[in-house]
Amino acid sequence: MSRPQASAVLELLKPVTWFPPMWAFGCGVVSAGPLTVDKWPAVATGVILAGPLVCATSQAVNDWFDRHVDAINEPQRPIPSGRMPGSWGLHIAFIWTALSLAVAATLGFYVLIAAIAGLALAWGYSAPPSRLQQNGWWGNAACAACYEGLAWLTGAMVVIGGAAPDWRTVWLAVLYSAGAHGIMTLNDFKSIEGDRRMHIGSLPVRLGAETAGLVACLFMAGSQLVVIALLVAWGFLPHAAAIAALLVVQLFLMKRLLANPRERAPWYNATGVLLYVIGMLISAFAVRPAMMVLS
């Protein structure tokens, strides 16, 4: 069996998708503080775990089990184009799963458990028999939990070691995961035609583009409203005000998105979602312990 070129392997692992879990991991690191110098190697390893390993594994798994859908939606992808020959796509998914677990084990028991959960969601999303992506409600929830909530909690656990994260950090991780359900829905707009033909029940296919766009906005805006309310209740008024201002701008952008969600979903991902993730970092700074130890 011929081997794929390195460029095809890199394309299979989709580096462009690594940013969300790496950012969420960073938010977890910020929210946990204080960060001592001796923690930096573990933090750097955790960033690699979140993006180039666990997230990349999910992309390889998804490309392998979605190769027939990609032949319709994205025939230039490595597997349907033939640049990833034979079963190499599946082999790489197994190799990256093993690498992810090995690296996670170096960061402690709780990080390993989080990595196992994230990898289980990644395989469960794409692979039979569960194939959660067949139902957009469950599939998007699995992706959001893997990319946002688990990555956030992993970042916090790397900083604090064996202790459990602060309950406010857990709340933020859960709420921003809920909002990410909407982001995952927007990502599904690019594959409506292939999903419909292959009977994959993404929300744009199940609900129609207009309703799915509205549901995505409700998830994203609703989670941020709860975050704002909690920050006010916890006494972090400047942080709550900053996130509220970002949300107001997002609402104006959402209005334009909903006028043509199928065409404007990529545009919103580059504008409104950017404001969403900035709010994540602001909320992480809000709950961060006041004193930062530098050495």
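Structure notes:
- Distance between the 7 Å Cα→Cβ label points at ILE278 and ALA44: 3.0 nm.
- Over the chain, relative contact order from alpha-carbon pairs under 8 Å, at least 6 apart, %: 24 percent
- Oblate is the label for the range 81-221. Its Cα gyration tensor axes, ordered a ≥ b ≥ c, give a/c of at least 1.5 and b/c at or above a/b.
- Across SER177, SER100, SER191, mean-square fluctuation computed from a Gaussian network of the chain (C-alpha pairs under 10 Å connected) peaks at SER191.
- Sorted by Cβ neighbour density within 10 Å, fewest at the top, the residues HIS68, HIS181, HIS239, HIS91: HIS68, HIS91, HIS239, HIS181
- Using only side-chain charges placed at the Cβ, +1 for Lys and Arg and -1 for Asp and Glu, the dipole size of the range 46-158 relative to its Cα centre rounds to 140 debye.
- Between the alpha-carbon centres of the range 1-67 and the range 91-170 there is a gap of 11 Å.
- Rounded to the nearest 20, the size of the Cβ-charge dipole of the range 142-289 about its Cα centre is 200 debye, with Lys and Arg at +1 and Asp and Glu at -1.
- Sequence-distant lysines (8 or more away, or on other chains) whose Cα lies within less than 20 Å of LYS14: LYS190
- Spin-label pair ALA245/LEU10, simplified geometry with 7 Å Cα→Cβ offset, distance in nm: 3.9 nm
- Think of each Lys and Arg Cβ as +1 and each Asp and Glu Cβ as -1; about the Cα centre, that makes the dipole of the range 7-287 roughly 300 debye.
- Shape category assigned to the range 7-287 from the gyration tensor of Cα positions, a/c cut at 1.5: oblate
- If you run the Gaussian network model on the chain, springs between alpha carbon atoms under 10 Å, then out of GLN133, GLN76, GLN224 the most flexible one is GLN76.
- Mean residue ellipticity (222 nm) of the chain, computed from DSSP H runs ≥ 4 via -39,500 (n - 2.57), nearest 500: -23500 deg cm²/dmol
No lab work stands behind these numbers, since they all come straight from the coordinates. Source: prediction; values computed, not measured. With ideal geometry, Cβ positions are generated from the backbone for all residues, glycine too; neighbour counts draw on all protein chains shown.
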